[in-house]
1. When region 1-20 is examined, which residues are found to be in contact with a Phe, Trp or Tyr (Cβ under 6 Å, 6 or more places away or on another chain) and part of a loop (DSSP other than H, G, I, E, B)?
2. Would you point out which residue out of LEU68, LEU77 is touching a Leu at 6+ places or on another chain (Cβ under 9 Å) and modelled with pLDDT of 95 or more?
3. Has region 83-99 got any residue that is β-branched (Val, Ile, Thr), within 15 Å of the chain's Cα centre (by Cα) and over 15 Å from LEU144 (Cα atoms)?
4. Collect the residues in region 28-44 that are surrounded by fewer than 20 Cβ atoms within 10 Å (Cβ to Cβ), on the phi < 0 side of the Ramachandran plot, not in a helix (DSSP H, G or I) and not polar (S, T, N, Q), keeping them in residue-number order.
5. Residue check, TYR156 against (1) farther than 19 Å from ASP8 by Cα; (2) touching a helix residue (DSSP H, G or I) at 6+ places or on another chain (Cβ under 6 Å), all met but one. Which one?
6. Among the listed residues ILE38, ILE43, ILE34, which satisfies the condition of being touching a residue at least 40 places away in the same chain (Cβ under 8 Å) and in contact with a helix residue (DSSP H, G or I) (Cβ under 6 Å, 6 or more places away or on another chain)?
7. Does any residue of region 140-163 turn out to be surrounded by fewer than 16 Cβ atoms within 10 Å (Cβ to Cβ), under 27 Å from ILE43 (Cα atoms) and in contact (Cβ under 8 Å) with a residue 40 or more places away in the chain?
8. Picking from ASP115, ASP93, which residue would you name as being out of contact with any strand residue (DSSP E or B) (no Cβ under 8 Å at 6 or more places or on another chain), modelled with pLDDT of 90 or more and more than 27 Å from ILE19 (Cβ to Cβ)?
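The values are calculated or read from the model by the stated rules, or taken from the named source; none is laboratory data. Just so you know, these numbers come straight off a predicted model, no measurement behind them. Reconstructed Cβ throughout: ideal geometry from the backbone, glycine too, with neighbour counts over all protein chains shown.
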Amino acid sequence: MGIKKLLDRIVNFYIDRGIYDMSALNSGLTLEEIHDKITSLGINFPQDLYELYNWRNGFNVYEPGFDLWPSVSFLPLEKAIKDYTSVTKNMYDNLFTVFLENDSDRYMVNLASGDDYGKIFYDCPPITLTEYPVSIFDSLEKALVTQLECLEKGIYIFDDGRFVATDEIVDVIKNHNPNSDFYKYE
């Protein structure tokens, strides 16, 4: 379907239901602006990250109600670069944070060439039970397909001002992300 169409469908889902405020999404960057910002870092973005930041450049507000998917905020490229240079590069050389859950847990795209290139890794030791990030989505596109299905099928239930995931989420993630290690043993 394509990254931008998936993102538009997710945003429209929230707007149509009055769930989240999407007015805090920044305008997208040109492909040249994205390239210029990452060139000095010596990293190689997968095409879908270019598409993501071309679509919109993250949120300019970091508080509940300004999420791309439940409890997950989308970082502007400048903030993601700052996170990469000050935190993740030193800990996990080839992982680039794009999304934050609850202001601390990271969803990071693998930028290392090889089989894991473009996969999204989740870093939340209390949940993953490891000090290392674990692959959760096979790609950004697969993450968005997963989130959209969870929204449209009611797997995420909006209750008392927040989303709650039903148990069906495991099957949806595993179905769209067969190479994910996160739910491998569920």
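1. Those that are in contact with a Phe, Trp or Tyr (Cβ under 6 Å, 6 or more places away or on another chain) and part of a loop (DSSP other than H, G, I, E, B): ILE19, TYR20.
2. On the way: LEU68 fails: modelled with pLDDT of 95 or more.
Only one candidate qualifies: LEU77.
3. Yes.
4. If we filter region 28-44 for residues that are surrounded by fewer than 20 Cβ atoms within 10 Å (Cβ to Cβ), which is where we start, we get 28, 30-33, 35-37, 39-44.
Checking which are on the phi < 0 side of the Ramachandran plot leaves us with 28, 30-33, 35-37, 39-41, 43-44.
From what is left, the residues that are not in a helix (DSSP H, G or I) are 28, 30, 40-41, 43-44.
Scanning region 28-44 gives GLY28, LEU41, ILE43.
5. (1)
6. ILE34
7. no
8. On the way: ASP93 fails: modelled with pLDDT of 90 or more.
Sole residue among the options that is out of contact with any strand residue (DSSP E or B) (no Cβ under 8 Å at 6 or more places or on another chain), modelled with pLDDT of 90 or more and more than 27 Å from ILE19 (Cβ to Cβ): ASP115.
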